[in-house]
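Written below as C-alpha cells is the structure these notes are about.
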Amino acid sequence: MKRLLTTLVILTGLIGSAGNVWADAQSDFNKAWEAYLDGDFTEAVKWYRKSAQQGDAEAQSGLGWSYSNGLGVTQDYAEALKWFRKAAEQGDDGAQFSLGWHYENGWGVSQDYAEAAKWFRKAAEQGDDGAQRALSNLGDLKIKFAQKWIDQCLFDEIEKITGPETKKIVEKHCSQKIENKSLDWLARNVD
C-alpha cells in the first residue's frame with residue numbers, strides 16, 4: 001500500500017510538471033510571436049529557441065522560418081531544415097509545407113521533387129492551401145519533364161534514322177519510350 005501511494009505521488013508530480021513544461025513552452029512561444037510581430041527578430045529567435053527546445057512544434061517551425069529567411073540570425077538552410085523537420089514530424093503543416101518548398105527549390109538540400117511532393121502532400125492533407133497549390137505546380141513540372149523526354153527521344157532517334165519514313169519511325173519508337181519513362185518517373189515521384 002505504501003509503495004502504491006508513493007507511485008501515485010510520483011506520477012502526479014510528473015503529470016503536473018509535464019503540464020508546467022507545456023505551459024512554459026506556450027508562454028515562450030507567445031513571447032516569440034509578439035517579438036516577431038514587433039519586428040524584433042533577434043528577440044523572437046531567443047524565445048522561439050527556448051520553446052522549440054521544449055518540443056513546441058509551432059516554435060520549431062518559427063525557428064526554422066527565422067533561419068531560412070535570416071530573420072534575427074544568419075541565414076542557414078541546414079539549421080532551418082533541422083527545425084522544420086522536427087516540427088513537421090509532429091504534424092505541423094506549416095513546417096511540412098516549408099520542407100516541401102526547400103526540397104522543391106534545392107535550398108540546403110539536393111533538389112528532389114519526390115521529397116517535395118511527399119511533404120506538400122502531408123500539409124495539403126491537413127488543408128494547407130499553399131501546399132495544395134504547390135502540388136498543382138509540381139503537376140506542371142510533370143508535364144515539363146515529359147516534354148524533356150519527348151525532346152531527348154526525338155533527338156536520339158532522328159540522329160539514328162534516315163530515309164522517307166523518318167517521321168513514322170520516330171513517332172513509333174518515341175511514343176513507347178516516352179510513355180514508359182514518363183509513367184515510371186511519375187509513379188516514383190508524384191502520386
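The set of residues in region 107-124 being in a loop (DSSP other than H, G, I, E, B) and not small (Gly, Ala, Ser) consists of TRP107, VAL109, GLN111, ASP112.
Give the residues of region 54-104 that are more than 23 Å from ARG133 (Cβ to Cβ) and assigned to a loop (DSSP other than H, G, I, E, B), sorted by residue number. Within region 54-104, GLN54, GLY55, ASP56, GLY70, LEU71, GLY72, VAL73, THR74, GLN75, ASP76, GLN90 qualify.
Tallying residues that are farther than 18 Å from ALA95 by Cβ and either out of contact with any Leu (no Cβ under 8 Å at 6 or more places or on another chain) or not in a helix (DSSP H, G or I) (or both) within region 34-49 yields 9. Scanning region 27-40 for residues that are loosely packed, with under 15 Cβ neighbours inside 10 Å and closer than 16 Å to ALA87 by Cα yields a count of 0. Screening the candidates TYR113, TYR67 for the property of being of a type in the set (Ser, Thr, Tyr) and at pLDDT 95 or above yields one hit, TYR67. Screening GLU43 against (1) buried (at least 24 other Cβ atoms within 10 Å of the Cβ); (2) farther than 26 Å from GLY127 by Cβ leaves a single unmet condition, (1).
Please tell me if PHE29 is closer than 27 Å to TRP119 by Cα and either at pLDDT below 90 or of a type in the set (Ser, Thr, Tyr) (or both). So PHE29 fits the description; yes.
The values are calculated or read from the model by the stated rules, or taken from the named source; none is laboratory data. Being a predicted model, the structure only gives us computed values, none of them experimental. In this analysis, Cβ positions are derived from the backbone assuming ideal geometry, glycine residues included, and neighbour counts consider all displayed protein chains.
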